[in-house]
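Let me begin by presenting the structure, written as structure tokens, before commenting on it.
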Amino acid sequence: MIIALVNSKGGVGKSTLAGNLVGWLQAQGHRVLLADCDTQQSSSEWIAEALPSATIVRLANADQVLDELPQLAKEADYVVCDGPGSQTETSRALLMWADLAIIPCKASMFEARALAKNTAFVRQAQAIRNGLPEAIAVLTMVGKDYRLTKDMTEAAASLELALAETPVTLRQAYADAPGQSTFVWKMGFAAKDAAVEIDALFRELLPEACNDKVIKMRKGRGRARAKG
Ligand SMILES: Nc1ncnc2c1ncn2[C@@H]1O[C@H](COP(=O)(O)OP(=O)(O)O)[C@@H](O)[C@H]1O
Ligand SMILES: [Mg+2]
């Protein structure tokens, strides 16, 4: 399965989600490959340190994406593609092969236009590919401002774009994890809310990827702590 994190806007949380997704899928026992399609290479540098056993491939442009992605998909259960911020052509190439497009989107007034543009790209791909990729937006860096979250929920609804129920809230742990070459679920008590949240998000997005045994153990501990 090819999963692409796309939004031609930078700084919306693509690399943060891509890196966490690679770590989470590997923790569920899957063979996972990170295809870093951003020249900034933030996710590949993070994963190389945090998860030395993971396979990482860098795809520098749209041609490499179009030519190499199908072969990479044969080498892993999941290929997680971290999309670029500005190279629109590469983002659109990802949509030509992805089974699932996750569109991280900041809950901010300025993001609605970017969401509309990216949704248009998705619709074009879906028209060519008979409905693929499946697409879902994820609200990221959600603060306490409920109103903006509501605006984005309405924006997604008007675009008829699915929106994940679980948002990613603004938490220092997400920003700290890459610098510490780790993941939020390995950062202990201080990052427990982020760990519970990201697990809930990925279970929502990829229910078939869950390894029940691991989840029950981990969620059990998380819930007990969250209550206490
Ligand atoms: N939920 C979050 N809470 C706090 N900081 C975040 C969160 N998600 C991302 N960040 C930070 O915001 C910045 C941009 O995120 P990043 O994942 O690099 O976006 P993109 O890949 O879309 O450009 C990074 O410094 C990252 O650490
Ligand atoms: Mg990035």
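The values are calculated or read from the model by the stated rules, or taken from the named source; none is laboratory data. Fair warning: this is a prediction, and the values are worked out from it, not measured in the lab. Because the Cβ atoms are built from the backbone with ideal geometry, glycine has one as well, and the counts that use them run over all protein chains shown. All accessible areas refer to the heavy atoms of the entire protein, side chains included, with ligands and DNA or RNA removed. Shrake-Rupley method; radii C 1.70, N 1.55, O 1.52, S 1.80 Å.
For (1) free of Cβ contacts under 8 Å to residues at least 24 places away in the same chain; (2) surrounded by fewer than 19 Cβ atoms within 10 Å (Cβ to Cβ); (3) near ligand 2 (Cβ under 9 Å from one of its atoms); (4) part of a helix (DSSP H, G or I), each residue gets a yes or a no:
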| residue | (1), (2), (3), (4) |
| --- | --- |
| 7 | no, no, no, no |
| 11 | no, yes, yes, no |
| 18 | no, no, yes, yes |
| 22 | no, no, no, yes |
| 35 | no, no, no, no |
| 38 | no, no, yes, no |
Checking residue 125 against (1) open to solvent by less than 20 Å² (accessible area, probe 1.4 Å); (2) within 14 Å of ligand 1 (Cβ to nearest atom); (3) assigned to a helix (DSSP H, G or I), the condition it does not meet: (2)
For region 40-52, which positions are under 21 Å from residue 95 (Cα atoms) and open to solvent by less than 10 Å² (accessible area, probe 1.4 Å)? 43, 44
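Those residues that are of a type in the set (Asp, Glu) and in a loop (DSSP other than H, G, I, E, B), I need them from region 60-85; list them, please.
Of all residues in region 60-85, those of a type in the set (Asp, Glu) come to 63, 67-68, 75, 77, 82.
Once the filter is applied, which keeps residues that are of a type in the set (Asp, Glu) and in a loop (DSSP other than H, G, I, E, B), region 60-85 yields 75, 77.
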How many residues, within region 57-89, are within 19 Å of residue 24 (Cβ to Cβ) and within 14 Å of ligand 2 (Cβ to nearest atom)? 4
Quick one: would you say residue 82 is open to solvent by 50 Å² or more (accessible area, probe 1.4 Å), in contact (Cβ under 8 Å) with a residue 24 or more places away in the chain and either within 16 Å of ligand 1 (Cβ to nearest atom) or among the acidic types (Asp, Glu) (or both)? no
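Could you look through region 86-121, keep only residues that are part of a strand (DSSP E or B) and open to solvent by less than 30 Å² (accessible area, probe 1.4 Å), and pick out the one that is farthest from residue 146 (Cα to Cα)? Spell out the reasoning first.
In the first step, residues of region 86-121 are kept if they are part of a strand (DSSP E or B); the result is 100-106.
Of the ones still in play, those that are also open to solvent by less than 30 Å² (accessible area, probe 1.4 Å) are 100-105.
On the way: 100: 28, 101: 26, 102: 22, 103: 20, 104: 18, 105: 15 Å.
The extreme case among them is 100.
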Go through region 53-78 residue by residue and tally those that are without any contact (Cβ under 8 Å) to a residue 60 or more places away in the chain and surrounded by fewer than 16 Cβ atoms within 10 Å (Cβ to Cβ). 11
Test each condition in (1) within 16 Å of ligand 1 (Cβ to nearest atom); (2) at positive phi for residue 29 and report the one that comes out false. (1)
Just wondering, is there one or more residues in region 32-39 that are away from ligand 1 (no atom under 16 Å from the Cβ) and modelled with pLDDT of 95 or more? yes
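Restrict the check to region 99-107 and report whether at least one residue is over 22 Å from residue 205 (Cα atoms) and acidic (Asp, Glu).
As a first pass, look at region 99-107 and keep what is over 22 Å from residue 205 (Cα atoms): none.
So far as region 99-107 goes, no, none of its residues is over 22 Å from residue 205 (Cα atoms) and acidic (Asp, Glu).
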Tell me which of these residue 203 doesn't satisfy, since it passes every other one: (1) at pLDDT below 95; (2) open to solvent by 50 Å² or more (accessible area, probe 1.4 Å); (3) part of a helix (DSSP H, G or I). (1)
Name the residues in region 168-186 that are surrounded by fewer than 20 Cβ atoms within 10 Å (Cβ to Cβ), within 14 Å of ligand 1 (Cβ to nearest atom) and on the phi < 0 side of the Ramachandran plot, would you? 169, 170, 171, 172, 175, 176, 179, 180, 182
Selection from region 1-26 of residues more than 12 Å from the chain's Cα centre (by Cα) and either more than 16 Å from residue 205 (Cα to Cα) or within 8 Å of ligand 1 (Cβ to nearest atom) (or both) yields 8, 9, 10, 11
